[in-house]
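Heads up, the thing below is written out as structure tokens.
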Amino acid sequence: MALKVLSALDTAKTQYYHFKAIIIAGMGLFTDAYDLFCIPPLMRLIGRIYYGEANVPNAIVSTMLFLALLGTVIGQLVFGRLGDLIGRRRVYGLALMLMVLSSVGCGFSICTTKKCVLVSLGFFRFLLGVGIGGDYPLSATIMSEFANKRTRGAFIAAVFSMQGFGILASSTVTMVVCKIFEKSSATVSEDRTPPEADVAWRLILMLGSIPAALTYYWRMMMPETARYTALVERNVVQAAKDMEKVLDVSMSQIAEEFPLTQNPPQYSLLSRQFLRRHGRDLFSCSAAWFLVDVAFYSSNLFQSLIYHSFIDHHGDKRLNAYDEAFQVARLQAIVAICSTIPGYLVTFYFIDRIGRVKIQLIGFFSMSLVYFAIGIPFKFYWDENTNMGFMFLYCLTFFFANFGPNTTTFIVPAELFPARFRSTCHGISGAVGKVGAIIGSVGFLWASRDHKSGNPNATGMTVSLIILGVVCLVGFVVTYFFTFETMGRSLEDNENEEDDDSGQFCFLRCLTDSTQRTHSSRIEQNIAA
């Protein structure tokens with residue numbers, strides 16, 4: 001029988017606290033995107049300052065990407081597990097504070113010599129990745145546990161969409177700071193970089209910590225989620241008190257007439273029983289996240305070509321350091337406005353109308369078509385014609401990633417597992433995804449380059465892009481056969497684990513999911529009954 005406080009959460013009308021939770025939870029994702037996407041224009045400044053040229057060596061760029069993503073893997077695993085062991089709220093502020101301090105640390109980077117700056121920047125980028133990784137499972141889990149059943153997907157999608165606005169903010173701040181420094185510098189020429197440029201990139205990095213720092217107090221003031229308090233800590237009275245403070249319900253409506261007497265399931269995360277009940281779900285979430293991140297983070301393959309076409313040959317005039325960073329940031333802002341943010345918004349609108357699985361299928365299939373459209377004729381056409389058609393296809397990859405698996409892989413793990421495993425399994429899924437990101441951003445980047453010149457190799461690019469198309473098709477297959485639809489389903493359906501014949505339960509659930517997805521929730525309830 002469902003607890004009153006949890007039933008009240010499932011049926012609660014959308015109210016002020018839901019929007020407040022979206023901002024509080026979303027600001028971590030905002031900071032995440034800001035810090036990751038401000039790096040490409042800043043690398044242009046760092047290249048001019050420390051290498052006397054616009055391009056930082058590929059080895060340095062790859063190392064910075066690798067360290068940030070490695071930190072993210074560790075953060076997702078560690079903070080995800082802590083979120084289930086000691087509570088979401090208790091570690092939520094720690095993840096945000098780690099992001100704030102490491103963002104400031106990236107800006108200071110201790111010293112001014114090339115080697116020292118890069119080592120320090122790499123260290124703080126790693127710590128930043130740990131904080132970012134920790135924020136993923138906590139933000140998704142907290143939002144899913146506060147949301148009502150009818151609009152839960154839209155609320156979690158709104159949290160994740162803050163990434164798009166973080167990208168736009170990083171580009172805007174970079175453009176503004178570069179123009180201010182350019183105007184205030186006495187001499188700025190294409191062959192001379194002012195010493196003040198070393199301050200500009202540091203300032204841009206540190207400014208990204210301000211929005212996150214402003215929400216730290218509100219994170220500390222958030223109550224623990226009622227689902228964690230009631231289902232994991234088994235304290236229903238406290239859960240009701242917490243929800244009375246933030247939702248428009250009275251204590252009389254959510255107080256239980258009888259104490260909670262059921263004993264929680266005893267199996268552990270690494271047990272066979274967990275694998276029987278939830279192994280398929282964990283596989284589907286992890287595999288889909290891995291596959292989409294391989295493709296999504298391989299955007300570095302495109303970026304170098306677009307920068308070369310639209311920036312490096314900006315007319316016949318070589319740009320100065322500030323102008324070059326400005327042009328890269330402007331390009332990122334255009335992509336964010338035209339494809340990234342619209343992808344998030346379309347998902348927000350449709351996620352609770354057509355479901356997670358359909359959106360994920362549409363995204364994977366459309367991404368595969370785009371990669372094939374670029375990859376198959378690349379050597380014969382796109383290599384020499386990086387025109388507006390190429391730019392359009394580039395934008396489509398971001399649109400269908402965000403109106404597709406990049407968003408849904410963040411949502412589904414926060415809905416598909418019991419409360420005592422929810423944060424952990426989201427962290428595991430995300431960590432596996434970030435391993436895919438390392439392969440996509442570092443592995444494919446090197447595979448598609450000429451190792452002597454460092455420039456894109458036409459044959460390598462063709463092969464890499466076709467492989468990425470196949471990767472997206474594999475994601476389509478995994479989604480169709482293994483991903484369970486969670487739209488309209490209460491999170492507490494995952495707590496009904498008293499069924500002794502779990503093997504038969506899982507078999508029937510898999511069967512109903514693959515043959516009749518839209519009615520799977522109703523069928524499962526009939527089985528349990």
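The values are calculated or read from the model by the stated rules, or taken from the named source; none is laboratory data. All figures in this text were calculated on a predicted structure; none of them were measured in a lab. All Cβ positions, even for glycine, are placed from backbone atoms using ideal geometry, and neighbour counts span all protein chains on display. When the accessible area is computed, the model is the full protein with side chains, heavy atoms only, and any ligands, DNA or RNA have been set aside. Shrake-Rupley method; radii C 1.70, N 1.55, O 1.52, S 1.80 Å.
Summary of computed values
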| quantity | calculated |
| --- | --- |
| Contour minus Cα-Cα distance for Asp10 and Thr63 (0.36 nm per residue) | 14.6 nm |
| Over region 62-219: Rg over Rh, Cα atoms, Kirkwood Rh | 1.05 |
| Karplus (6.51, -1.76, 1.60) ³J(HN,Hα), θ = phi - 60°, over region 140-146, in Hz, Gly and Pro reported as x | 5, 5, 4, 5, 5, 7, 8 |
| Between region 473-489 and region 333-353, the alpha-carbon center distance in angstrom | 21 Å |
| Projected area averaged over orientations for region 349-441, convex hull of C-alpha atoms, nm² | 7.3 nm² |
| Pair-distance profile P(r), taking every C-alpha pair of region 140-190, with 10 angstrom steps and integer % | 22, 27, 19, 15, 12, 6 |
| In order through region 427-442: 3J(HN,Hα) via Karplus (6.51 cos²θ - 1.76 cosθ + 1.60), integer Hz, x for Gly, Pro | x, 5, 4, x, 5, 4, x, 6, 5, x, 5, 4, 5, x, 7, 9 |
| Alpha carbon convex hull of region 22-104, volume per residue in cubic angstrom | 90 Å³ |
| Placed amide H near Thr225: partners under 5 Å, 5+ positions off or other chain | Arg88, Arg89 |
| Packing-based ranking, highest mean first, of 113-122, 164-173, 477-486 given that Cβ atoms within 10 Å are counted | 164-173, 477-486, 113-122 |
| Heavy atoms of Ile362 accessible to a 1.4 Å probe, total area in Å² rounded to 10 | 70 Å² |
| Solvent exposure ordering (accessible area, 1.4 Å, most first) of Trp289, Trp218 | Trp218, Trp289 |
| Debye log10 I(q)/I(0) at q = 0.29, 0.32, 0.33 Å⁻¹ for region 1-42, Cα point scatterers | -0.93, -0.99, -1.01 |
| Region 77-125 shape via C-alpha gyration tensor axes, a/c threshold 1.5 | prolate |
| Whole-Hz ³J(HN,Hα) from phi, Karplus 6.51 cos²θ - 1.76 cosθ + 1.60, for region 467-483, glycine and proline x | 4, 5, x, 5, 4, 5, 5, 5, x, 4, 5, 4, 5, 5, 8, 10, 7 |
